[in-house]
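Colleague: Take a look at this one; I'll ask things after.
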Amino acid sequence: YERIACGYRRELNLKTKNQERRNQLIDTAFHLLALNKTLIGETIKEINSLVNFIKENINKNLPIYLMGYSDGGTISIACAAANENIDGIAIGCCLGNYEDTSLKRNATGLNDVPQFLNYFEVEDLISLIAPRKCLIIAASKDHIWPYYLAKKIYDKVKINFQIVNNFKLIQVEGNHNYYPKEMWEHLNNMIDNNQN
């Protein structure tokens, strides 16, 4: 899977002075809004197509987990909230209410959905993942999504998961970064605990 507006899928036909990758996402997001679409919506559609293809054509019992950091974590949350064929997610450096995080950064590109706060907040999306597995890695010094903001969401929605082992918040020391060792270790433990 390759993200829309990144890599080979970068929009080359839109004339822009924005050379920074973040701004190229914004250009693509606004272009999609003009077409009555959203970047996150189109991304969810593509990942759901892949998940559904695997379930229908390869193995309907194959567990599928999404893993992502930053924007990849945001995408994982939205996809799992929308598709019950996703068995769980492992996300990092992406959890906090929009008003405390993304909306403080002006336009983000990925989450530009007109008036979206009238319809949902991050805690609503996380609640839709319950009772499936949800592992959250949050860094203490993350300048966008610090641990204390992830903890606020975790505390609000943990009751929805009912199975304690299916919802974990892990604090790591560091900044906005991908923590693969911690993510894989804790996800594998969550999966193994469920099989016992």
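The values are calculated or read from the model by the stated rules, or taken from the named source; none is laboratory data. Small disclaimer: the values here were computed from a predicted structure and weren't measured. Ideal geometry is used to build each Cβ from the backbone, glycine not excepted, and the neighbour counts take in all protein chains shown. When the accessible area is computed, the model is the full protein with side chains, heavy atoms only, and any ligands, DNA or RNA have been set aside. Shrake-Rupley method; radii C 1.70, N 1.55, O 1.52, S 1.80 Å.
Colleague: Read through the list (1) assigned to a helix (DSSP H, G or I); (2) out of contact with any Ser or Thr (no Cβ under 7 Å at 6 or more places or on another chain); (3) at pLDDT 65 or above, then give the number of the only condition that Lys37 fails.
Modeller: (1)
Colleague: Still on this model: Are any residues in the range 45-70 in a loop (DSSP other than H, G, I, E, B) and among the charged types (D, E, K, R), and if so, which ones?
Modeller: Lys60
Colleague: Hey, another quick one. What number of residues within the range 173-187 satisfy the criterion of being assigned to a loop (DSSP other than H, G, I, E, B) and open to solvent by less than 80 Å² (accessible area, probe 1.4 Å)? Outline the logic, then answer.
Modeller: Here is the first cut: in the range 173-187, the residues assigned to a loop (DSSP other than H, G, I, E, B) are 173-179.
Subsequent filtering for residues that are open to solvent by less than 80 Å² (accessible area, probe 1.4 Å) retains 174, 176-177, 179.
So the count comes out to 4.
So that you can scan it fast, the table gives a plain yes or no per residue for (1) open to solvent by less than 20 Å² (accessible area, probe 1.4 Å); (2) within 14 Å of Ala90 (Cα to Cα):
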| position | (1), (2) |
| --- | --- |
| Trp145 | yes, no |
| Tyr148 | no, no |
| Lys152 | no, no |
| Lys156 | no, no |
| Val164 | no, no |
| Phe167 | yes, yes |
| Gln171 | no, yes |
| Asn189 | no, yes |
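Colleague: Of the numbered conditions (1) in contact with a Leu (Cβ under 7 Å, 6 or more places away or on another chain); (2) modelled with pLDDT under 90, Lys104 satisfies every one except a single condition; which is it?
Modeller: Going through (1) in contact with a Leu (Cβ under 7 Å, 6 or more places away or on another chain); (2) modelled with pLDDT under 90 one by one, Lys104 breaks only (1).
Colleague: Can you find a residue in the range 179-187 that is touching a helix residue (DSSP H, G or I) at 6+ places or on another chain (Cβ under 9 Å) and not charged (D, E, K, R)?
Modeller: no
Colleague: For the range 121-143, which positions are of a type in the set (Asp, Glu), surrounded by 16 or more Cβ atoms within 10 Å (Cβ to Cβ) and part of a loop (DSSP other than H, G, I, E, B)?
Modeller: Start the filter on the range 121-143 by keeping residues that are of a type in the set (Asp, Glu), which leaves 121, 123-124, 142.
Adding the requirement that they be surrounded by 16 or more Cβ atoms within 10 Å (Cβ to Cβ) leaves 123, 142.
Passing the criteria: only Asp142.
Colleague: Residues in the range 71-94: is at least one in a loop (DSSP other than H, G, I, E, B) and more than 25 Å from Ile153 (Cα to Cα)?
Modeller: No, the conditions are met nowhere in the range 71-94.
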